[in-house]
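A.B. asks: First, the structure itself, so that you have it in front of you.
What follows draws every value from the coordinates through simple rules; no lab data is involved. Since the model is a prediction, treat every value here as computed from it, not as a measurement. Heads up, the Cβs are rebuilt from the backbone with ideal geometry, glycines too, and the neighbour counts pull from every protein chain shown.
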Amino acid sequence: MCGIVGYVGSNKTVDVLMGGLRRLEYRGYDSAGIAIIDSSGVLNTAKKAGKLSALTAELKAHPINDGQTGIGHTRWATHGAPTDGNAHPHLGDNDKLALIHNGIIENFAPLRDELLAEGFTFESETDTEVAAVLLGREYQRVGDLAEAFRSIVARLDGAFTLLAVHQDQPGVVVGARRNSPLVIGLGDGENFLGSDVAAFVEYTRRAVAIGQDQIVTITADAVTVTDFDGHPVETEEFDIAWDASASEKGGWSSFMAKEVSEQPDAVANTLRGRITDGQVVVPELTEFGDDVLAGIRRIVIVACGTAAYAGQTAKYAIEKWAQVPVDVELSHEFRYRDPVLTADTLVISISQSGETMDTLMAVKYAMALGARAISICNTQGATIPRESDAVIYTHAGPEVAVASTKAFVAQITALYLFALHLARVRGSLTEAEQAAQVAELQAIPEKIQAVLGVEDEVRQLARWMSDTRAVLFLGRHVGFPIALEGALKLKELAYIHAEGFAAGELKHGPIALIEPGQPVFVVVPSPRGSAHLHPKVVSNIQEIRARGARIIAIAEVGDAAVLPFAETVIHIPLAAPLFEPLLAVVPLQMFAMELAIAKGLDVDQPRNLAKSVTVE
Ligand code: F6R
């Protein structure tokens with residue numbers, strides 16, 4: 001949801017900014033732009049609607065002068081269509097100041113009216129330009145960017161990260177942050193700002209996260225962070241755990257293909273360091289306190305999209321192993337009702353980016369009501385883990401493709417580790433039972449690797465179905481959230497109408513959708529592990545088959561019962577029931593990706609989407 005990069009230093013600023021934007025493009029790709037103060041002290045900008053490649057072409061056709069100070073932006077449009085004019089940067093102070101923005105300034109309309117009444121004019125329909133003009137007006141009064149920021153931030157409602165440069169202050173980039181992400185990269189004789197560390201990981205692996213309501217000033221040699229009142233604040237440096245190559249395609253046709261294939265590692269790396277002698281000990285939770293965990297009476301999971309489906313999947317394991325009731329809520333629904341939370345409620349947020357505004361607001365709200373909060377997050381230094389009492393990082397590595405894949409399996413893995421840690425602390429599993437679950441978890445990377453082998457089969461299926469207009473997904477128990485996730489992947493990647501249902505719900509209405517030829521994916525529970533559920537799902541298959549549905553079953557190797565009724569069976573290795581989702585989701589991800597490819601779509605950057613949704 002808008003990527004931001006800022007730079008001061010002696011490298012080629014155009015290259016630093018464009019490289020940063022390339023790595024941040026997953027955040028938004030409606031338009032892109034840069035502003036650079038050139039070596040003669042003049043502010044130059046270039047911006048273009050469309051993907052970053054359009055700006056690259058523009059810069060090739062009309063190069064701008066380079067300098068040592070610049071800012072760059074990739075946009076996910078909120079206010080104003082994705083046009084050249086609405087692209088950032090926006091200008092203020094007689095075109096001497098350039099500003100970029102991630103977030104939404106909710107009160108931009110009255111501010112704009114105020115500025116119009118004073119005779120200022122606007123070139124765009126954006127809320128951002130209002131901030132640029134306001135900042136420019138303030139700069140004229142105080143003559144210093146950081147000072148000007150300090151006086152305007154109190155007037156802005158909403159969420160924002162703003163970065164600005166002014167040609168009268170070359171060698172300085174100033175940023176202000178409220179509820180949208182911003183991270184500092186510390187270099188040698190150069191410093192960086194970025195929406196996340198991907199913006200500058202090519203140049204440095206030393207980073208500093210900036211807190212809420214803070215203003216940062218970078219020069220080539222110094223970094224200063226203050227609160228909105230100008231008081232210096234303490235910051236904490238961290239090392240970025242991955243290098244630049246992890247966020248490169250590295251020979252794959254797409255980030256999505258690469259990330260699907262990285263799932264065995266995503267699970268293995270998330271397990272690493274958290275299992276000792278067959279027992280789960282998550283070090284981050286020991287700091288949280290065993291007595292506190294043992295006293296938890298209820299868990300509420302808040303998340304959105306794929307992350308919420310990871311929560312829905314893990315609910316079954318947490319309740320079974322730790323015997324604590326779990327509710328899974330969409331963050332935006334949770335936040336705006338009146339949930340009953342007590343001090344013995346634990347709120348677990350799940351977020352790949354750690355920046356999803358809906359989830360951040362839900363966490364803050366829950367904590368304000370007295371609940372404790374743990375975050376499951378894939379992005380170091382992100383806002384949600386910083387706001388929470390504890391964090392269990394998933395170690396999936398950077399996820400660049402907009403549709404989430406490897407983060408999903410890593411989230412389930414982290415939640416299972418949490419569940420086993422909790423079960424140990426609460427004594428709800430014996431050591432032997434715990435060790436058996438741990439062994440299942442440890443076997444997952446190899447089993448996912450085996451599932452990846454169905455690629456050709458899935459590709460053929462996708463080609464065969466490339467004209468399909470609607471697809472249904474059915475699952476039961478832990479297979480239900482996987483059906484929902486399969487449908488979401490297909491919607492967002494292949495733009496095909498898809499719905500996921502609990503198989504048991506079918507006869508309560510959705511079966512009316514079945515007509516001859518309707519493709520239906522069914523996640524079939526294991527006949528061994530789920531002996532009571534398996535026949536019921538097979539009956540569901542028969543019911544829809546009788547009405548002409550074309551069944552594609554995801555079933556355990558050796559499940560003979562589905563063979564007579566399914567057009568296609570995609571086999572997954574044997575696993576205990578609670579672990580099947582980690583395997584069954586993989587062919588569904590691959591199917592959505594292959595169908596999108598068969599339709600000639602961009603699987604990494606589906607239309608209208610952004611990876612990190614930092615507006616509510
Ligand atoms: C779907 C997808 C989204 C995200 C959701 C939450 O493929 O990527 O549904 O899962 O926007 O994002 P995070 O996990 O960053 O909070």
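A.B. asks: At a Förster distance of 60 Å, what's the computed FRET efficiency of D227 paired with Y495, Cβ-Cβ distance as r, to 0.05?
C.D. replies: Details: r = 45 Å, r/R0 = 0.75.
Step by step, r from the Cβ atoms, then E = 0.85.
A.B. asks: For the cross-link pairs K96/K611; K60/K489; K406/K536; K51/K611; K507/K611, which exceed 25 Å when the distance is taken from alpha carbon to alpha carbon? Walk me through the intermediate numbers first.
C.D. replies: Numbers: K96/K611 32 Å; K60/K489 36 Å; K406/K536 31 Å; K51/K611 15 Å; K507/K611 36 Å.
Listed pairs above 25 Å: K96/K611; K60/K489; K406/K536; K507/K611.
A.B. asks: Also: In deg cm²/dmol, rounded to 500, what helix-only [θ] at 222 nm does the chain give when every DSSP H run of at least 4 residues adds -39500 (n - 2.57) and the total is split over its residues?
C.D. replies: Values: 19 runs with 223 residues, N = 616.
Using -39500 (n - 2.57) per qualifying helix, the result is -11000 deg cm²/dmol.
A.B. asks: Let a ≥ b ≥ c be the square roots of the eigenvalues of the Cα gyration tensor of the range 126-224; is it rounded (a/c under 1.5), or, if not, prolate (a/b larger than b/c) or oblate? Numbers along the way, then the final one.
C.D. replies: Working: a/c = 2.22, a/b = 1.44, b/c = 1.54.
It is oblate, given that a/c is not under 1.5 and a/b is not larger than b/c.
A.B. asks: To continue, here is another question. At a threshold of 8 angstrom on Cα-Cα distance, excluding pairs fewer than six apart, so keeping six or more, what relative contact order does the chain reach in percent?
C.D. replies: Numbers: 1450 pairs, mean separation 73.5, N = 616.
Value for the chain: 12 percent.
A.B. asks: If you count the DSSP beta bridges with both ends in the chain, what percent of them are antiparallel, to the nearest 5? Write down the numbers at each step before the final one.
C.D. replies: On the way: 64 of 104 bridges.
Close to 60 percent.
A.B. asks: May I pose another question? Compute the distance in nm between two label points, each set 7 Å from the Cα along the Cα-to-Cβ direction, one at E515 and one at R337.
C.D. replies: Simple spin-label model gives 3.5 nm for this pair.
A.B. asks: With Rg and the Kirkwood Rh both taken from Cα atoms, where does Rg over Rh land for the range 3-246? Present the calculation step by step, with values, prior to reporting the outcome.
C.D. replies: Numbers: Rg = 16.2 Å, Rh = 17.4 Å.
Reported Rg/Rh (Cα atoms, Kirkwood Rh): 0.93.
A.B. asks: What angle do you read, to the nearest 10 degrees and between 0 and 90, between the alpha-carbon axis of helix 108-117 and the longest principal axis of the chain?
C.D. replies: With both axes taken from Cα atoms, the answer is about 20 degrees.
A.B. asks: Now a separate question. How far apart, in nm, are two points set 7 Å out from the Cα along the Cα-to-Cβ line at R141 and at R298?
C.D. replies: For R141 paired with R298, the spin-label model returns 4.8 nm.
A.B. asks: Tell me the trypsin sites (Lys or Arg not before Pro) within the range 334-409 that lie in a loop according to DSSP and have at most 11 other beta-carbon atoms within 10 Å.
C.D. replies: On the way: sites: R335, R337, K364, R372, R386, K406; in loops: R337.
Sparse-neighbourhood loop trypsin sites (Lys or Arg not before Pro): R337.
A.B. asks: Still on this structure, please answer the following. Quick check: residue separation of A244 and V42 times 0.36 nm, minus the Cα distance between them. What number comes out in nm? Walk me through the numbers on the way to the answer.
C.D. replies: On the way: separation 202, 0.36 × 202 = 72.72 nm, distance 3.19 nm.
Contour length minus Cα-Cα distance gives 69.5 nm.
A.B. asks: For the range 296-309, what does the Karplus curve 6.51 cos²θ - 1.76 cosθ + 1.60, with θ = phi - 60°, yield as ³J(HN,Hα) per residue in whole Hz, taken in order and with x for Gly and Pro?
C.D. replies: Each residue's phi maps through the Karplus curve to give 5, 9, 7, 10, 10, 9, 10, 5, 10, x, 4, 4, 5, 5 Hz.
A.B. asks: Here is a follow-up. Using a Debye calculation, one point per C-alpha and no hydration shell, please list log10 I(q)/I(0) for the chain at q = 0.12, 0.13 Å⁻¹ in order.
C.D. replies: Results for the chain at q = 0.12, 0.13 Å⁻¹ read -1.18, -1.31.
A.B. asks: Where Rh is the Kirkwood radius over the Cα pairs of the range 206-291, the temperature 25 °C and the viscosity 0.890 mPa s, what D in µm²/s does Stokes-Einstein return?
C.D. replies: On the way: Rh = 17.3 Å.
In µm²/s, the coefficient is 142.
A.B. asks: Kirkwood hydrodynamic radius, computed over distinct alpha-carbon pairs, for the range 250-442: how many Å, to one decimal?
C.D. replies: On the way: mean 1/r = 0.0605 Å⁻¹.
Here the Kirkwood hydrodynamic radius works out to 16.5 Å.
A.B. asks: Rounded to the nearest 20 Debye, what is the dipole magnitude of the chain about its Cα centre when Lys and Arg each give +1 and Asp and Glu each give -1 at the C-beta? Could the numbers behind the result be given before it?
C.D. replies: Working: 51 positive and 77 negative charges, 349 e Å.
Once rounded to the nearest 20, the dipole reads 1680 debye.
A.B. asks: Work from the charge dipole of the chain (Cβ charges, +1 for Lys and Arg, -1 for Asp and Glu, about the Cα centre) and give the residue of I348, V522, G158 farthest towards its positive end.
C.D. replies: Positive-most Cα among the choices belongs to V522.
A.B. asks: Starting from the Cα of D327, move 7 Å in the Cα-to-Cβ direction to define the label point; list residues of the range 343-365 whose amide nitrogen is under 18 Å from there.
C.D. replies: The answer is 343-350, 359-365, whose backbone nitrogens lie closer than 18 Å to the label point.
A.B. asks: On to the next question. Please sort by residue number the GluC sites (Glu not before Pro) in the range 215-288 whose DSSP state is loop and whose Cβ has at most 16 other Cβ atoms within 10 Å.
C.D. replies: Values: sites: E234, E236, E237, E248, E259, E262, E284, E287; in loops: E234, E236, E248, E262.
Here the sparse-neighbourhood loop sites are E234, E236, E248.
A.B. asks: While we're looking at this one, here's another question. First measure r as the distance between the Cβ atoms of E125 and A531, then evaluate 1/(1 + (r/R0)^6) with R0 = 56 Å and state the FRET efficiency to the nearest 0.05. All intermediate terms of the calculation are to be shown ahead of the outcome.
C.D. replies: Numbers: r = 60 Å, r/R0 = 1.08.
So the FRET efficiency works out to roughly 0.40.
A.B. asks: Looking only at Cα atoms, what is the convex hull volume of the range 462-576 per residue, in Å³? Don't skip to the answer; put the middle values down first.
C.D. replies: Details: hull volume 11.3 nm³, N = 115.
In the range 462-576, the Cα hull volume divided by residue count equals 98 Å³.
A.B. asks: Would you kindly give the portion of the calculated P(r) for the range 286-331 that falls above 14 Å, as a percent of all Cα pairs?
C.D. replies: On the way: 546 of 1035 pairs.
Summing the P(r) tail past 14 Å for the range 286-331 gives 53 percent.
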